[in-house]
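One structure is given below, encoded as structure tokens.
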Amino acid sequence: MRVHHLNCGTMRPVGGKLVDGRPGLFRRAELICHCLLLETDNGLVLVETGVGTPTVTRPAEWLGAGFVRLVHPDSDDDLSATTQIRKLGFDPADVRDIVLTHLDLDHAGGLVDFPQARVHVHDRELQALEKPIDRKEASRYRKVQFSHGPLWRSYRADGEPWFGFDAVRELEGVPDVLIIPLAGHTRGHAGVAVDTGDGWLLNAGDAVFHGGELERKPHIPLALGFFESYMQTEKTARLDNQRRLRELVSNNGAEVTVFAAHDATAFERLSQRSRL
């Protein structure tokens with residue numbers, strides 16, 4: 001399997017190092033939308049979609065005016081998954097399957113660009129979209145992003161153990177890709193693990209917001225940590241899954257590479273490694 005690392009959406013909120021942990025306070029921070037394009041024996045698989053092409057021409061409608069004011073997403077078609085897939089020499093129509101960690105607007109916004117693809121997601125996440133339990137849960141999902149009628153394939157919380165995690169499922173028709181329940185950020189949040197043939201890659205989505213949370217002494221920039229707590233749906237589950245992710249990195253870091261979806265530093269490191 002060949003893995004391509006794509007950034008399908010850059011967000012630039014104020015706060016500098018208080019948000020992304022990099023030097024400099026009086027600047028805009030940089031958060032990215034880390035997606036994977038997988039070349040498999042069964043065709044192309046996209047893990048996450050980023051914000052989608054409608055962000056280029058109608059960002060407020062697609063992402064919400066409040067989100068646009070808060071994070072200042074780049075309106076750059078070169079960042080869209082479709083453009084990057086074409087630059088790699090593929091046709092976006094050849095993406096047969098999409099796997100999502102969850103359905104927040106910056107992860108699922110590009111679904112509309114691949115209407116023919118099957119969309120794999122945790123069952124509880126699909127329930128949250130279709131039957132939110134309260135106004136806060138309903139507000140996090142942009143219904144306009146799903147109005148084209150995605151071809152859903154959902155997975156219940158049962159399966160096999162995997163490096164200390166339970167109820168891990170192999171995806172139907174997608175070899176070497178697993179969906180791992182990691183509830184907390186949303187009630188149906190999941191990680192997506194890819195067997196590259198040279199070790200595992202685990203996109204932890206928003207189970208962690210910053211690479212520092214995976215270290216033995218976890219840390220996160222102040223403003224980003226506040227936002228992470230504000231956006232959580234299930235605090236106990238989130239903290240428990242973060243603990244297990246740290247244990248995974250500590251005990252099996254040579255076999256499994258874990259990354260947070262919005263960590264620009266991890267994206268730069270992994271994308272550079274994949275080109276070597």
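Ignoring any ligand, DNA or RNA, what whole percent of the accessible area of the chain comes from carbon and sulfur when the probe is 1.4 angstrom? Working shown, then result.
Details: 6270 of 12360 Å².
Heavy-atom surface of the chain belonging to carbon and sulfur, 1.4 Å probe: 51 percent.
Sum up the charges of everything whose Cβ sits under 15 Å from the Cβ of residue 16, counting Lys and Arg as +1 and Asp and Glu as -1, but leave residue 16 out. Show your work: numbers first, answer last.
On the way: positive: 12, 17, 22, 27, 28; negative: 20, 30.
Here the charged neighbours net out to +3.
Where in the stretch 239-268 does the label zone of residue 22 land, with the point 7 angstrom along Cα→C-beta and an amide N cut-off under 16 Å?
Of the residues in the stretch 239-268, 260-268 have backbone N under 16 Å from the label point off residue 22.
What's the center-to-center distance, using Cα atoms, between the stretch 85-153 and the stretch 172-237 in Å?
About 17 Å separates the Cα centre of the stretch 85-153 from the one of the stretch 172-237.
Quick one: grab the alpha carbon gyration tensor of the stretch 74-116, order the square roots of its eigenvalues as a ≥ b ≥ c, and give me rounded if a/c is under 1.5, else prolate or oblate depending on whether a/b is larger than b/c.
Details: a/c = 2.27, a/b = 1.18, b/c = 1.93.
Oblate.
Rounded, prolate or oblate: which fits the chain, taking a ≥ b ≥ c as square roots of the Cα gyration tensor eigenvalues, rounded meaning a/c under 1.5, else prolate when a/b beats b/c?
Working: a/c = 1.16, a/b = 1.02, b/c = 1.13.
Rounded shape, in that the Cα axes give a/c under 1.5.
Taking 30 Å as the cut-off for C-alpha to C-alpha distance, list the pairs among 143/217; 17/235; 17/87 that go past it. Mind dumping the intermediate values first?
Details: 143/217 39 Å; 17/235 25 Å; 17/87 32 Å.
Flagged as over cut-off: 143/217; 17/87.
Show 130, 137, 61 ordered by accessible area, largest first, where the area counts protein heavy atoms only and the probe is 1.4 Å.
Numbers: 130 115, 137 10, 61 95 Å².
My answer, sorted largest first, is 130, 61, 137.
Just check the stretch 137-224 against the gyration tensor rule for me: Cα atoms, a ≥ b ≥ c as the square roots of the eigenvalues, rounded for a/c under 1.5, and otherwise prolate or oblate depending on whether a/b exceeds b/c. Mind showing how you got there, number by number?
On the way: a/c = 1.90, a/b = 1.07, b/c = 1.78.
Since a/c reaches 1.5 but b/c is at least a/b, the shape of the stretch 137-224 is classed as oblate.
Could you pull out every one of the aspartates and glutamates with an alpha carbon less than 18 Å from that of residue 136, ignoring same-chain neighbours closer than 8 positions?
Residue 136 reaches 104, 106, 125, 206, 228, 234.
Taking the full set of protein chains and a 1.4 angstrom probe, give the accessible area of residue 40 in square angstrom, rounded to the nearest 10.
Using a 1.4 Å probe on the heavy atoms, I get roughly 30 Å².
Under a 1.4 angstrom probe, counting protein chains only, how are 162, 152 ranked by accessible area, largest first?
152, 162
Per residue of the chain, what 222 nm ellipticity follows from adding -39500 (n - 2.57) for every DSSP H run with n ≥ 4, rounded to the nearest 500? List each step's numbers first, then the result.
Details: 11 runs with 84 residues, N = 276.
Result for the chain: -8000 deg cm²/dmol, rounded to the nearest 500.
What share of the DSSP beta bridges in the chain is antiparallel, in percent to the nearest 5? Numbers along the way, then the final one.
On the way: 29 of 46 bridges.
Here the antiparallel bridges make up roughly 65 percent for the chain.
How much net charge surrounds residue 48 when only other residues with a Cβ under 11 Å from its Cβ are counted (Lys, Arg +1; Asp, Glu -1)? All intermediate terms of the calculation are to be shown ahead of the outcome.
Numbers: positive: none; negative: 104, 106, 206.
The answer is -3.
What does the accessible area per residue of the stretch 173-276 come to in Å², with a 1.4 Å probe and no ligands, DNA or RNA counted? Each step should come with its number before you reach the end.
Details: 4590 Å² over 104 residues.
That works out to 44 Å² per residue.
Heavy atoms only, 1.4 Å probe, whole protein assembly: order 172, 228 by accessible area, highest first.
Details: 172 85, 228 10 Å².
Descending accessible area places them as 172, 228.
The values are calculated or read from the model by the stated rules, or taken from the named source; none is laboratory data. In this text, all values refer to a predicted model and were calculated from it rather than measured experimentally. Glycine gets a Cβ as well: all are built from the backbone with ideal geometry, and neighbour counts include every protein chain shown. These accessible areas exclude ligands, DNA and RNA; they are computed on the full protein's heavy atoms, side chains included. Shrake-Rupley method; radii C 1.70, N 1.55, O 1.52, S 1.80 Å.
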